[in-house]
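The values are calculated or read from the model by the stated rules, or taken from the named source; none is laboratory data. In this text the structure is predicted, and so the values were computed from the model without any measurement. Cβ: placed from backbone, ideal geometry, glycine included. Neighbour counts: every protein chain shown. These area figures cover heavy atoms from the full protein model, side chains too; ligands, DNA and RNA do not enter into them. Shrake-Rupley method; radii C 1.70, N 1.55, O 1.52, S 1.80 Å.
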Amino acid sequence: METIIRADAAHPDFLLLVKELNAFLSEIDGEEFDFYFQFNQLDSIRHTLILYLDDTPVACGAIKPYEPGTMEIKRMFTRPEYRNQGVGKKVLNEIEAWARSEGFTESILETGIRQPEAIAAYEKSGYARIPNFPPYENVIESICYTKKL
């Protein structure tokens, strides 16, 4: 059975998934992980989603206000054994719906060049590449996207 819950950044299952996300990113980003990590602190995140399959947390995501009308998608992660099953797409769709209900009209996000699966998923979901927004404007390993909600 599939369940998606809305929570905050202190939820233990969200923290568990974020720990796995950080380990994954540390591995693929290597020495650059610390640079990115500074922009992924949870203290400013109030809206998180957790997707469960049979009571097991398998994916998460979060939104964070960026500027009036625009929210930034943060902390998207699907456990490797659940990838390519549409789980991340469900989290993304629910995040977008939640953002719309909060009055946001645009979504932005940053991902890395070492994450081709994420890039493909965002583009398939209608995200368009944009010039890198702050604080990623001079980071060649970053790719930024936007989508009207």
**OP:** Check SER101 against each of (1) small (Gly, Ala, Ser); (2) open to solvent by less than 40 Å² (accessible area, probe 1.4 Å); (3) at negative phi and name the one condition it does not meet.
**Re:** (2)
**OP:** State whether the residues of segment 115-123 include one that is touching a residue at least 40 places away in the same chain (Cβ under 8 Å), under 17 Å from LEU25 (Cα atoms) and open to solvent by less than 50 Å² (accessible area, probe 1.4 Å).
**Re:** yes
**OP:** Kindly indicate whether any position in segment 76-90 is under 10 Å from the mean Cα position of the chain (by Cα) and open to solvent by less than 10 Å² (accessible area, probe 1.4 Å).
**Re:** no
Original post:
Would you call MET71 in contact with a helix residue (DSSP H, G or I) (Cβ under 8 Å, 6 or more places away or on another chain), open to solvent by 20 Å² or more (accessible area, probe 1.4 Å) and assigned to a strand (DSSP E or B)?
Top reply: no
**OP:** Would you confirm whether any residue within segment 15-37 is at pLDDT 95 or above, under 23 Å from PRO131 (Cα atoms) and exposed (fewer than 13 other Cβ atoms within 10 Å of the Cβ)?
**Re:** no
Subject >> In segment 104-114, the residues that are buried (at least 17 other Cβ atoms within 10 Å of the Cβ) and not aliphatic (A, V, I, L, M) >> reply: PHE104, SER107, GLU110, THR111, GLY112
Original post:
Which one is most open to solvent (accessible area, probe 1.4 Å), of the residues in segment 124-142 that are over 19 Å from ASN84 (Cβ atoms) and of a type in the set (D, E, K, R)?
Top reply: ARG129
Original post:
Which residue pairs have Cβ atoms closer than 7 Å, lie 6 or more positions apart in sequence or on different chains, and pair a first residue in segment 63-81 that is in contact (Cβ under 8 Å) with a residue 40 or more places away in the chain and farther than 17 Å from PHE133 by Cα with a second residue that is open to solvent by 50 Å² or more (accessible area, probe 1.4 Å) and of a type in the set (Asp, Glu)?
Top reply: PHE77/GLU20; ARG79/GLU20
Subject >> Top-ranked residue in segment 111-149 [being among the hydroxyl-bearing types (Ser, Thr, Tyr) and in a loop (DSSP other than H, G, I, E, B); ranked as farthest from GLU96 (Cα to Cα)] >> reply: TYR136
